[in-house]
Every structure is written in structure tokens, then in C-alpha cells.
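Beneath this line is the structure, given in C-alpha cells, with notes to follow.
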Amino acid sequence: MPKVSDNLWDIALAEIQKKENLESKEDGEGLELWERSVFFIGNKNGGKTTIILRCLDRDEPPKPTLALEYTFGRRAKGHNTPKDIAHFWELGGGTSLLDLIRIPITLHSIRSFSVVLVLDLSKPNDLWPTMENLLQVTRSHVNKLITELGKKHSKIANEIKQKMWKPVQKDHPDRELIDPFPIPLVIVGSKYDIFQDFDSEKRKVICKTLRFVAHYYGASLMFTSKSEAHMLKTRGLINHLAFGLEKSKSLSADINKPLFIPAGLDSLSQIGSPSSSDRDIGQLHARTPMELWKKMYERTFPPKNTSDLKEVKDPAKDPQYAENEVDMMRAQKDQELEQYTRNASKSWKGMELDGSVRVHHCSLKFH
């Protein structure tokens, strides 16, 4: 008998949720509460695919992400209730395909959208430019959507703006000094197993800098690797974004251990200044705290030349996708196209010349 009762309650709950979602659609809110989207961006070959596969319990080797990839996961909430659905998007190519960021983040998905920025800790010189480019483009696009949304559905736009301040307590001492990211953001430092062997001073600079950036944006920060213990924490945090599960309340700010700092639990006083020397800071001219931290970070880890960082924009020319037979045929077709273009160019020049003569003669007749 209790079993029947439980089923009836579950069915009743499902009906109520269904009704509430239908009502929200009529109000223009339109997005089902059990659907969320998580967008993975970050360094090329930084471990984004590995994290997604582990979160979805898929035991398969990760493949290089070509451009923009999509997969999804489901999680049962209870008997006879709709399953939670999580949409996972992944941007490949590091910073070379920034235009694709606008595809998964839309007016329809923005209310339940989260971003996971995966930074390769083993490549500290690439860390700042990768982070800066990806977050700037993402933030700019999200802000445009919120502005557009506000024109038709001001209630939803205001809800998003209020939500971004949620991790930061009203009495937090840094509340007036930070600028939260418009949608939930998690910064993941990958390849901790390599990073932990770095010189302690270099580790300190990276840890403090990422703590500042995460705190400034109202984001969570964590370091991870392929080890089961590290991946378990990563999975817990991603599942919180994807399925609304309870997130871990643990905190680790020790530079000798993997960082794990949930949004809103850090402070500028605990992070400290970007340099131990006030003289170093005084020599730099920075307009904002973020610019100051950037300049101090780049003193230790200067970014590589743009030519070194330049990604291959055409996947067909990317060495990791090389196939001899296909590439030989492609090269032959490229040569044929080049020859055709040259011949066509000569033909058009001839036509232009003839045309100009004819026009000239026509103009003479009118005179």
C-alpha cells in the first residue's frame, strides 16, 4: 500500500511541475526547468573532452574536438517524473574559433546556461591570453543577449542579473570591488599532475592570479588531473551546473594542494597582492585591478609571440588530422583551382579592356 501512495505522490508532483512549466511558457519565460546547458571552453588539448566523458560515465578515449561539439546527459529525479537533461557543448581550437561561441548561447538557453573555462596549467605562458580572449568574447555576447532579452522580457533579464550576484553575500567585504560574470562560471585548472612539479614561486604566482580572476568574476575555481580523486571533485562541481545537484562545501586554498574554492568563498585580503614588493606594483601603470594582475603575471610568464600562439583556422591544414591520400588529392585540387583562378583572371581582364573600349566609343557617339 505505501508503494502505491508513493507513486501517486510522484505522479501528482510531476503534474504540478508540468503545469508550472506550461504557465512559465505562457509568461514568455519558456525554458523548462529540468534542462540546463554547460559550455566548455579553454586551451586546445587542455582536457575538456576528458572531463565531459568522465562526468557522463563514458569509458572511451577522448578524440580531438574539431570545432564545436555537442552531447547530452540525462539523470532521473524520481519515479514518473521527467528526467533532467544536460546539454554539453565544447569549443575546440583554443582561441581560434571565437565566432562559434554565439551558437550555443542563445536567448532560449541563456537562463540555464553555465560556462566552464578549462585552462592548461602545464602551459602557464598561454594561460592569460587564452583566458582573456575566451572570457571577453563570451561575456560580450552574453551581455548583448541580456540587453536584447530585456526589451521583450524584462523580468527574465532582471532575474539573470540578480542571479549573477547570488554567490556573493550582501555583506561580503569585496562586493563593491568585483564584477561578476553574467552567467555561472567555473574555472578549472587541468593537468595538475604536471603543475605540482613546478617551482614553488611559479606555482604561487599562478595560484594567486587565478584566485583573483575567479573571485573578481564571482566564479568557482578548482584544479584537477586525470586521477580518480581529483576527477571526483570535478565531476561533483560539473553535475551541480548540469543537474542542479548539491555542490561540495569543502575549500582548499593551499598552493601545495589542488585548489578548490567555490564562488563567493574567497576574498582579496586572503588572496593578497599580486607581488610581494610594493615597488614592483608602483612601477606599473594599470587602469584597473585586472590590468594590474595581468601585467604582474606576464612579468613571470610572458605570453608567446602571436605567431607562436596562432592556431590553424582551417582544420584541413591542421597536422593532427593529416591523411596522406586525402591531403595529396586536396593539394592537387588546390593547384587546379589556383590555375583556374589565374586563367579566369586573364579572361576577365580582357573582357574589361574590351568593355572599356566599347564604352569609350559609345561616349564619342553622344558627343
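The values are calculated or read from the model by the stated rules, or taken from the named source; none is laboratory data. Everything quoted here is computed from the prediction, not taken from an experiment. Reconstructed Cβ throughout: ideal geometry from the backbone, glycine too, with neighbour counts over all protein chains shown. Surface areas here come from the heavy atoms of the whole protein model, side chains and all, with no ligands, DNA or RNA. Shrake-Rupley method; radii C 1.70, N 1.55, O 1.52, S 1.80 Å.
Name the single residue, out of those in segment 209-257 being among the hydrophobic types (A, V, I, L, M, F, W, C) and open to solvent by 60 Å² or more (accessible area, probe 1.4 Å), that is farthest from Phe181 (Cα to Cα). In this case the residue turns out to be Ala229.
Within segment 256-309, the set of residues being farther than 16 Å from Lys202 by Cα, modelled with pLDDT of 90 or more, of a type in the set (Asp, Glu) and assigned to a helix (DSSP H, G or I) comprises just one member, Glu291. The single residue among Thr138, Thr130 that is surrounded by 15 or more Cβ atoms within 10 Å (Cβ to Cβ), of a type in the set (Val, Ile, Thr), farther than 17 Å from Ser114 by Cβ and touching a Leu at 6+ places or on another chain (Cβ under 9 Å) turns out to be Thr130.
Table: residues versus (1) open to solvent by less than 10 Å² (accessible area, probe 1.4 Å); (2) touching a residue at least 24 places away in the same chain (Cβ under 8 Å).
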site	(1), (2)
Arg102	no, yes
Lys123	no, yes
Gly150	no, no
Ala157	yes, no
Lys163	no, no
Asp171	no, no
Pro182	yes, yes
Ile187	yes, yes
Asp193	no, yes
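When Val115 is tested against (1) under 14 Å from the mean Cα position of the chain (by Cα); (2) surrounded by fewer than 18 Cβ atoms within 10 Å (Cβ to Cβ); (3) part of a strand (DSSP E or B); (4) not basic (Lys, Arg), just one condition goes unmet, and that condition is (2). Does Arg58 satisfy the condition of being on the phi < 0 side of the Ramachandran plot and touching a residue at least 12 places away in the same chain (Cβ under 8 Å)? So Arg58 fails the test. From the list Ile156, Ile178, Ile160, Ile146, the one residue that fits, being touching a Phe, Trp or Tyr at 6+ places or on another chain (Cβ under 8 Å) and not charged (D, E, K, R), is Ile178. Do we have any residue at all in segment 222-238 that's modelled with pLDDT of 95 or more and either over 17 Å from Ile261 (Cα atoms) or of a type outside the set (Val, Ile, Thr) (or both)? Among the residues of segment 222-238, at least one is modelled with pLDDT of 95 or more and either over 17 Å from Ile261 (Cα atoms) or of a type outside the set (Val, Ile, Thr) (or both), which makes the answer yes.
Filtering segment 27-82 to residues that are farther than 23 Å from Glu228 by Cα, open to solvent by 70 Å² or more (accessible area, probe 1.4 Å) and modelled with pLDDT of 85 or more leaves Glu69, Tyr70. Screening Ile187, Ile146, Ile194 for residues that are outside any helix (DSSP H, G or I) and of a type in the set (Val, Ile, Thr) leaves exactly one candidate, Ile187.
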